[in-house]
Structures are given as structure tokens and as C-alpha cells.
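The structure appears below as C-alpha cells.
The values are calculated or read from the model by the stated rules, or taken from the named source; none is laboratory data. Since we're looking at a predicted model, the values are computed, not measured. No Cβ is skipped: glycine too gets one built from the backbone with ideal geometry, and neighbour counts run over all protein chains shown.
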């Protein structure tokens with residue numbers, strides 16, 4: 001059984017990843033660390049972890065942990081990923097791993113030197129609905145892919161929330177802009193050549209709160225909008241000349257909508273519905289990670305892929321400050 005430790009008691013850990021670890025077939029939650037020992041003990045007790053630590057360093061020094069999950073604020077991901085690797089731990093780090101693609105190269109060097117397994121936590125790439133979309137598009141179910149359209153939005157104006165803290169790496173593009181890009185890249189196995197973008201920032205927070213993006217992949221295009229101050233919505237559509245695939249709840253299946261995709265034919269007279277009841281993308285992710293860390297087979301979101309996805313986000317930020325296309 002892979003022995004997990006978690007650095008911090010963040011909401012995504014409490015609500016998504018720790019329950020997934022507890023339910024996983026090949027892992028156990030061994031330790032929780034927080035700068036508040038009382039919070040670490042409370043979360044450890046809640047999820048049955050044997051150890052609680054009052055500092056992240058103490059957990060990394062412990063021989064009771066094989067690998068760590070890092071859900072810290074975005075601005076701290078690179079720092080603590082490096083420290084965890086140097087401490088001899090495997091690392092699953094919450095997205096986005098970095099705020100600049102150039103910051104990932106030193107982590108790749110550390111990973112290779114210490115022979116660690118390190119992955120960015122894009123749980124969507126483990127969900128069977130996305131594996132099915134990839135299969136349908138690659139198999140010609142929609143003919144020639146011409147356009148991908150996406151949307152991701154929620155409403156959050158809490159000044160204390162890290163998503164509204166520029167110093168912690170907040171903003172819409174780092175938090176949710178990574179999803180339309182990563183799922184399009186996952187499905188098509190293609191990289192964008194150039195991007196255009198319009199970006200709006202909050203006058204108080206300074207974070208980006210709305211973006212409209214266009215990405216040129218050569219023979220098809222991705223367009224999406226996202227916001228941290230609009231009514232909640234998620235959508236992804238892959239549109240070809242013979243049909244289209246629509247993903248009902250692409251990023252938080254079961255929350256925004258059901259685990260369901262629809263395949264429509266050219267004249268919209270036939271629809272195939274594919275359902276994935278009970279699919280737990282976070283559990284699939286932690287099981288895959290533990291399997292690979294133990295030397296088994298499995299697909300993880302590699303640091304090399306992290307570089308490619310972050311290059312797109314970096315280009316979008318650059319494009320937001322100019323007219324016209326920006327190369328990726």
C-alpha cells in the first residue's frame with residue numbers, strides 16, 4: 001500500500017483528494033501536515049491517518065510516508081515540490097504546478113536526479129468520459145475536427161480566498177483556464193501554434209477575472225471563455241464536419257451535471273449518449289499515481305506535459321496585453 005502524506009488541510013484535500021485516497025485500493029493516508037498542529041490532528045483523525053505534523057518539513061522528514069499530495073496555494077507549488085523531491089518523496093502536486101513554464105525545468109532535473117515520480121494533478125485526464133471523447137475524435141466519429149468550444153466560470157468575490165490573491169497565484173487563468181487547454185490537448189494530442197486573448201482584471205484584487213481566448217492549432221481552433229465572477233457554468237464541445245461531441249460537465253462531473261457525453265451526427269437526427277455513473281476521477285488519479293510510484297504501469301500527467309500546458313497559459317497572458325496573435 002502506497003503511504004500518502006498531505007501538505008496542508010486545503011479544501012480540495014478535505015473534500016476531494018483525501019476521500020479518494022481513503023477509498024483507493026492501493027494506498028493509505030499515513031500523515032497530515034499543517035502549520036496548525038490542531039488542524040492537522042483533526043484532519044488526520046477524520047480520515048484515519050496515523051500521524052499528524054505541525055510543519056511540512058517534519059512530514060517530509062518522516063519515514064512513514066512514501067509520497068505527498070501538495071494542495072498548497074499556487075505560488076508555493078514549485079518550492080514545496082522541490083523540497084519534497086529532495087526529501088526522497090514522490091509528488092502529486094495540485095494544478096497549476098507553476099506560474100511560468102520556465103519554473104518547471106529545475107523540477108524535471110530534480111525528478112531525474114532523485115528518480116522520483118512527480119505529476120501535476122489533472123484528474124480530468126483519468127476520467128473515463130475524457131478517454132471516451134479522445135477515442136471518438138481519434139476514431140473519426142465527428143469527421144474532421146474543425147472547432148473546440150469551451151467555458152468555465154464560477155462566482156467568487158471573497159477577498160480572503162486564494163483565487164482572489166495575486167500574491168498567492170490567484171486568478172481565473174491559473175485556476176481554471178488550464179482546463180480547456182489541457183483537455184483539448186489531451187483529446188487531440190496537438191499543441192497550439194498561437195493565441196489571441198482579451199483579459200479583464202479586478203480593480204481591487206488585481207487578479208484576472210475574465211478571459212476570452214482563441215487558440216490556433218493549425219487545422220482546428222479552440223475558443224473559450226472563463227471567469228471567476230460570472231454564474232457557474234462548464235461546457236466543452238468538439239465540433240467536426242460529420243458531427244460533434246458535447247461534454248455535459250467536463251471538469252467537475254457530478255457537480256455541474258452528470259457524468260455524460262453526447263455524440264450528435266451531422267444533421268442532428270441521431271444522438272448517442274455515453275454515461276459513466278460512479279466514476280471517481282480523483283480516486284482514479286491517486287490509484288494511477290500509486291501504481292506508477294510502485295513501479296507499475298499507468299499514465300500520469302508528466303512534468304514535460306506541464307511545461308507544454310503552462311506555455312499556453314503564459315502565451316495567453318502575453319496576448320492579453322496586445323492586439324493580434326501571440327506565438328505559444
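Mind telling me which of the residues 173, 110, 136, 97 ends up being under 14 Å from the mean Cα position of the chain (by Cα) and not in a loop (DSSP other than H, G, I, E, B)?
After ruling out the rest, the residue left standing is 173.
Would you mind telling me which numbered condition in (1) assigned to a helix (DSSP H, G or I); (2) in contact with a strand residue (DSSP E or B) (Cβ under 6 Å, 6 or more places away or on another chain); (3) in contact (Cβ under 8 Å) with a residue 60 or more places away in the chain; (4) under 21 Å from residue 169 (Cα atoms) residue 12 fails?
The number of the failed condition is (2).
Condition check: within 30 Å of residue 245 (Cα to Cα), at pLDDT 95 or above and out of contact with any strand residue (DSSP E or B) (no Cβ under 8 Å at 6 or more places or on another chain). Does residue 144 satisfy that?
no
Among the residues of region 261-287, count how many are in contact with a strand residue (DSSP E or B) (Cβ under 9 Å, 6 or more places away or on another chain) and under 30 Å from residue 115 (Cα atoms).
Summing the residues that are in contact with a strand residue (DSSP E or B) (Cβ under 9 Å, 6 or more places away or on another chain) and under 30 Å from residue 115 (Cα atoms) in region 261-287 gives 3.
Given the residues 107, 97, which is the only one that is within 20 Å of residue 20 (Cβ to Cβ) and either touching a residue at least 40 places away in the same chain (Cβ under 8 Å) or crowded, with 22+ Cβ neighbours inside 10 Å (or both)?
97
Count, please, the residues in region 255-291 that happen to be part of a loop (DSSP other than H, G, I, E, B), out of contact with any helix residue (DSSP H, G or I) (no Cβ under 8 Å at 6 or more places or on another chain), under 18 Å from residue 234 (Cα atoms) and touching a residue at least 12 places away in the same chain (Cβ under 8 Å).
So the answer is 3.
In region 113-133, which residue that is touching a residue at least 24 places away in the same chain (Cβ under 8 Å) and assigned to a loop (DSSP other than H, G, I, E, B) is farthest from residue 64 (Cα to Cα)?
Result: 127.
If you check 319, 315, 290, which single one turns out to be surrounded by 21 or more Cβ atoms within 10 Å (Cβ to Cβ) and in the same structural domain as residue 27 (by TED's automatic domain parsing)?
290 is the lone residue from the list that is surrounded by 21 or more Cβ atoms within 10 Å (Cβ to Cβ) and in the same structural domain as residue 27 (by TED's automatic domain parsing).
Just to be sure before I move on: is residue 300 buried (at least 17 other Cβ atoms within 10 Å of the Cβ) and either more than 20 Å from the chain's Cα centre (by Cα) or not in a helix (DSSP H, G or I) (or both) in the structure I sent?
Criteria met by residue 300.
Would you point out which residue out of 84, 44, 40 is free of Cβ contacts under 8 Å to residues at least 24 places away in the same chain, buried (at least 19 other Cβ atoms within 10 Å of the Cβ) and assigned by TED's automatic domain parsing to the domain that holds residue 111?
On inspection, the qualifying residue turns out to be 44.
The conditions are (1) surrounded by 15 or more Cβ atoms within 10 Å (Cβ to Cβ); (2) assigned by TED's automatic domain parsing to the domain that holds residue 148, and residue 267 fails exactly one of them. Which is it?
(1)
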